Amino acid sequence: MDLTGRLKSLREEKSLTQEGLAKTFKISRSAVTKYEAGERRPDPVTLQTFADYYDVSVDYLLGRTDIRETPEKIIESSLQDDPKLLEFWSELKSRKDLQLLFKQVIPMTPEGVKKVIRIIKALEEEPLDKGS
């Protein structure tokens, strides 16, 4: 399913009309109609706003994946049973240098996600070798 189908399907899951969605986002009903018909594409900010509202990833909206959860949600749910790793994750998640890595967790098992976070934690805790 592509962007047009996903937008319509997600709107219907929330039992919203096009008019209701337009009011929620303070956009015109015709904009919603055009997005769902594929006559117009939402700009990146609007696309992210839709993803946040529907609690899905932008990649899901665009049809790049069938996995609805964002990488952040996948990581958080994988770490629920390990408070120390969850706390470490809360420090890591805003780091720009690791954003691409976090997107790669989507196909991983929860145990695989934990391994990656543990490796990052070990690397972060390791003192820098200053070439003695």
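So how much slack lies between E87 and S15, counting 0.36 nm per residue of separation and subtracting their Cα-Cα distance, in nm?
Difference between extended and current length: 22.3 nm.
Going toward the positive end of the dipole of the chain, with +1 on Lys and Arg Cβ and -1 on Asp and Glu Cβ, which of V32, V116, V45 do you reach last?
V32
Rank S57, S78, S28 by mean-square fluctuation in a GNM of the chain with C-alpha springs under 10 angstrom and give only the top-ranked residue.
With Cα springs under 10 Å in the chain, the top fluctuation among S57, S78, S28 is at S28.
Per residue, what volume in Å³ does the convex hull of the Cα atoms of the stretch 76-121 enclose?
Once divided by residue count, the hull of the stretch 76-121 is 65 Å³.
To the nearest 20 debye, what charge dipole does the chain have about its Cα centre, counting +1 at the Cβ of each Lys and Arg and -1 at the Cβ of each Asp and Glu?
In total the dipole reaches around 520 debye.
Could you please state how large a percent of the accessible area of the chain is carbon and sulfur, counting protein chains only and using a 1.4 Å probe?
It is 51 percent, rounded to a whole number.
Which value at 222 nm does the chain reach when only helices count, each DSSP H run of 4 or more adding -39,500 (n - 2.57), with the total divided by all residues and rounded to the nearest 500 deg cm²/dmol?
-18000 deg cm²/dmol
Provide the solvent-accessible area of E72, counting protein heavy atoms only and rolling a 1.4 Å probe, rounded to the nearest 10 Å².
Surface accessible to solvent at E72 totals approximately 70 Å².
Below 8 Å, C-alpha to C-alpha, sequence gap of six or more: please give me the relative contact order for the stretch 25-109 in percent.
18
Taking a 1.4 Å probe, which of D82, D97 shows the most accessible area, and what order do the others take after it?
D97, D82
Distance between the C-alpha centers of the stretch 100-114 and the stretch 9-85? Whole Å please.
21
Please give the per residue accessible area of the chain, computed with a probe of 1.4 Å over protein heavy atoms only, in Å².
In whole numbers, the chain has 65 Å² accessible per residue.
Cα extents of the chain along the three principal axes, largest first, in whole Å?
So the three principal-axis extents are 65, 31, 23 Å.
What is the angle, in °, between the Cα long axis of helix 3-13 and the longest principal axis of the Cα atoms in the chain? Nearest 10 is fine, range 0 to 90.
80
In degrees from 0 to 90, rounded to the nearest 10, what is the angle of the helix 110-125 Cα long axis to the longest principal axis of the chain?
Helix 110-125 sits at roughly 50 degrees to that axis.
Taking amide hydrogens as modeled 1.01 Å from N in the peptide plane, which residues meet the under 5 Å criterion relative to L79, leaving out close sequence neighbours?
none
The values are calculated or read from the model by the stated rules, or taken from the named source; none is laboratory data. Keep in mind that what you see is a predicted model, and the values were worked out from it rather than measured. Cβ sites come from the backbone with ideal geometry, for glycine too, and all protein chains shown count toward neighbours. Just the protein is used for accessible areas: all its heavy atoms, side chains included, with ligands, DNA and RNA removed. Shrake-Rupley method; radii C 1.70, N 1.55, O 1.52, S 1.80 Å.
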